[in-house]
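**Student:** Dropping a structure here in structure tokens format, bear with me for questions.
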Amino acid sequence: MPEVTVELAKRQQETGKSIAFTNARGVYAPQAAEHAFALLLGLTRGIHRQNRNLLTDRRAKLPVIEIGGLILGIIGMGGFGLEMAQRAKGFNMKVVAINPYRTDKPENVDQLCCQLTNDRL
């Protein structure tokens, strides 16, 4: 169930400062993952450089990076992390995730690191 919360009192005790921390668990994870992949593709395709060259009337052949076969590292396997992993698999990427609170390896994750053990408690 999507939820948005603000944790203020607990964090004030931890930090000694009046800072509001927000959590948007489950809200807009698919849309945020799509946006993140759009940015990733834009960077690997050099769209920003091509646009700059076009505006300055320069013609340059720039390298293009293919993301298939690359490794995507994801920190945290909440809603956003799971959505990123799903999209990465669609691009034939290897997915390595870090999440200390998860013991099961999600479907679209090749390797899950930092599982919570008694040594870390």
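**Student:** I'm trying to understand the selection: among the residues of region 51-93, which are farther than 16 Å from ASN108 by Cβ and of a type in the set (A, V, I, L, M)?
**Tutor:** Listed by number, the residues that qualify are LEU54, LEU55, ALA60, LEU62, VAL64, ILE65.
**Student:** Of all helices (runs of 4 or more DSSP H) completely enclosed by region 5-73, which ones contain at least 1 residues that are modelled with pLDDT under 90?
**Tutor:** 9-15, 47-55
**Student:** May I pose another question? Out of region 82-105, which residues are over 13 Å from the mean Cα position of the chain (by Cα), modelled with pLDDT of 95 or more and of a type outside the set (A, V, I, L, M, F, W, C)?
**Tutor:** Result: LYS89, GLY90, ASN92, LYS94.
**Student:** State yes or no: is GLY79 over 15 Å from the mean Cα position of the chain (by Cα) and at pLDDT 90 or above?
**Tutor:** no
The values are calculated or read from the model by the stated rules, or taken from the named source; none is laboratory data. Worth saying up front: this structure is predicted, and the values here are computed from it rather than measured. Heads up, the Cβs are rebuilt from the backbone with ideal geometry, glycines too, and the neighbour counts pull from every protein chain shown.
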